[in-house]
Amino acid sequence: MARIEKDLDILKTKLLNGNYCETDIERIMRAAGFGKIWHADQKRASGEPYFIHPIQVASILIDLNLDCETIIAALLHDTVEDTEITLDFISQQFGPVVATLVDGVTKIDIIKAQSKSIQTVETIRKIIIAMANDIRVIFIKLADRLHNMRTLKFLKPEKQILMSQETLNIYAPIAAQLGISEIRGELEDLSLKYLKPDIYEKIKHYVAYRKSKVNRYLERQQELIKEAAQKEGIEIKTEARAKHIYSIYKKMLKYDVEPSGLFDIFGIRVFCRSVNECYAMLSVIHGMWKPIENRLKDYISVPKPNGYQSLHTAVIAEEGKIVEVQIRTYAMHVAAEYGIAAHWLYKSGKVAGNFKPREIALINRLKNWNRFNVDNSQFLDDLKEDILRDIIFVFTPAGEVIELPTGSTALDFAYHIHSEVGNHCMAAKADGVIIPLDKELHNSQVIEIITNANAHPHLHWLREVRTARARSRIRAWLNKNNHLHIGKNVIVVDKEEPAPSPATHKKLPTVTLPDDIKNMVREVIDKDRVTLKVGGEKNMMITMARCCNPAVGDDIVGYVSVGRGIIVHRKDCPNLKNIKEINLRMVKVEWATVSSKYVKRYKLSARPTQDLFAEVENAIKKYHGHIIDGQIQESGTDRIEGFVTIEIDRKEDLKKALKSIRTIPSILSIGGYDEI
């Protein structure tokens, strides 16, 4: 209990130094007293008293200067879930606002959820919905996750991996969307620490080594900048800063280099009193040193969607070294560090500034999002693709601003406007120039869609869109108008499709294995690149058995059927024993790829993740690689095993593609099918 008393003393000191009024400090400490009693007999995995966790969560939020109700809710955020206390009691004692905030971050009951994986998805769904109504819910959850990540070393390795992956996929992107850079950076760094410990330590040690080398140099450059500013009558402050470890890791992947190959790990920030002085200092710095072409970014005139504002430039400073410089006002710096939380800065019992929830781009997207009711397996994927990706702004010809996730194409734009515009999209223009429908759009482009009554969606469009909205509309049209049933990641040929003649090349009816409790994607296939082979021959009359539905990668066997050609079953199909003369009529059947490119099959091992094959596809895309088929064969709580077949334009690019795959956080190993 001594530790709790010590932490409560620190908490009260923070409150006294944080401009909280006496009445609210009394309310907060009263809530702390309740929480201390209610959690009295509970322990964390570290062996410490459980109530230390709510105190630390509240402490993080006090550092963000959040309001009294949010701090109280943070202290009580686990009471409904872990004790006998009810929301009605919290409402009576601390008001309905606090009760609503506590309810927003309370997990879905495991009994109602039926399984741990469903509970996780449903809890995230609940938090996102609550967040759309009161943004303070996500502040509490981010602080809760941050403290849990700081103490993750006390959990089992498999739990560390799962929490880190979830943090990297969901909570860090939310912090980024809200502009809370410090929390986002720490969440990303801590996630990398457990997902890629070797890389994390490598970058951490390199940054520490380089910092000792460059400190004196950066101090000298800051002095030169201050001297130049003083001559112009501009009052500034400066600081040296280092990129977060995860940010360095992403740059390493982007440029395929070691940390030593990056020149902007360290940089200088310049703080000014006004926007005019920011631009004046940009001119001063460009007058001192030669700026690097295409490195100037004006986020003051065109802020990022999360509200971030700053001028970024890179110059060739003394000794020919490249230095990245950020220039911003003090107010912009507060917004960059606290993000949306800056609107809630607590000053003498009031919320600072004119906070308007409708001004938060993330909240607007959530309120207009129509994917809250999709099934569990699809919800997180859609959330990551539609809401948590970085955003671009494009314009209609009439000047209307349209927000789309980074990487969106003209097809995504068309379906955002209206389903019928997308379904009849024939071509597109960007700034008056015809562009391919699958070309990635960029900020500030004016997009025009050209429609034709005879145009309609095609199967390959599913690979060319980025938003769940566009993908669901394309699937719906294809399911309705084609002899195809298209699910989340598979294509199934309609049962009424006419049987091919003996001379016809039989395309593969694709099916999936049942999802396990994690709802992970267990199979992917490019229907046009996989077929069946019997004794080296591909152009034979083949029918897939309906009783066992063989899937790509299954162990299979065929038998000769009079009038129906070769019927293919899984080797473990129980119906085989009932077939007359099966041993005499059995033939060897194999899966085969159909591609004019270089094709190789690999066995892989990975941590459980819902979109493994999508991550692999993205990793090899820049080398013109493509997944022909892939399937998870075995899965457990801590890893999955399977295979993937890849085609690539040039054999010499295969090593680069494999190296790119190995950088995926969830990948443990990948090698030739007989190598692992």
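The values are calculated or read from the model by the stated rules, or taken from the named source; none is laboratory data. Every value quoted in this text rests on a predicted model; they were computed, and no experiment measured them. Note: ideal-geometry Cβ built from the backbone for every residue, glycine included; neighbour counts use all protein chains shown. Calculation scope for accessible area: heavy atoms of the full protein, side chains included, ligands and nucleic acids excluded. Shrake-Rupley method; radii C 1.70, N 1.55, O 1.52, S 1.80 Å.
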Query raised in the report: How much accessible surface does residue 163 have with a 1.4 Å probe, in Å² rounded to 10?
Result: 20 Å²
Requested in this report: Give the shape of region 204-346 as rounded, prolate or oblate, defined through the alpha-carbon gyration tensor: a ≥ b ≥ c are the square roots of its eigenvalues, a/c under 1.5 means rounded, and otherwise the shape is prolate if a/b is larger than b/c and oblate if not.
Outcome: oblate
Report summary line: Taking a ≥ b ≥ c as the square roots of the Cα gyration tensor eigenvalues, with a/c under 1.5 meaning rounded and otherwise prolate when a/b beats b/c or oblate if not, region 225-294 comes out prolate
Query raised in the report: Pulled fully out, how much extra length does the chain show between residue 598 and residue 560, if you take 0.36 nm times their separation in residues and subtract their Cα-Cα distance?
Result: 10.4 nm
**Report entry** Solvent-accessible surface ranking, highest first, for 289, 477 at 1.4 angstrom
**Finding:** 477, 289
Report summary line: Accessible-area order for 204, 196, largest to smallest, probe 1.4 angstrom, reads 204, 196
Query - Whole-percent pair-distance distribution, where bins are 10 Å wide, for the alpha carbons of region 65-110 - result: 31, 58, 11, 1
Query - Residues in region 437-472 that a label on residue 402 would reach, taking backbone N under 15 Å of a point 7 Å out along Cα→Cβ - result: 437-452, 465-471
Requested in this report: Once you have the Kirkwood Rh of region 12-94 from its Cα pairs, apply Stokes-Einstein at 37 °C and 0.692 mPa s and quote D in µm²/s.
Outcome: 252 µm²/s
Requested in this report: Report the relative contact order of region 272-312, percent, no decimals, based on alpha-carbon pairs under 8 angstrom and at least 6 residues apart.
Outcome: 32 percent
**Report entry** Rounded to the nearest 10 Å², the accessible area of residue 393 at probe 1.4 Å
**Finding:** 50 Å²
Report summary line: Checked against a 21 Å limit on the C-alpha separation, the offending pairs among 12/153; 6/159; 153/202; 193/213 are 12/153; 6/159; 193/213
Query raised in the report: What list of whole percents do you get for P(r) of region 160-210, with Cα-Cα distances grouped in 5 Å bins up to the one holding the largest distance?
Result: 5, 23, 25, 21, 16, 9, 1
Query raised in the report: For residue 205 and residue 226, FRET efficiency with R0 = 30 Å and r from the beta-carbon atoms, rounded to 0.05?
Result: 0.40
Query - Sequence of 659, 254 when ordered by accessible area, the most exposed leading, probe 1.4 angstrom - result: 254, 659
Query raised in the report: Which value, in Å² rounded to 10, gives the accessible area of residue 296 with a 1.4 Å probe and all protein chains present?
Result: 90 Å²
Query raised in the report: residue 392's amide H: which non-local residues (gap 5+, or another chain) put their own amide H closer than 5 Å, with H modeled 1.01 Å from N in plane and none for Pro or chain starts?
Result: 404, 406
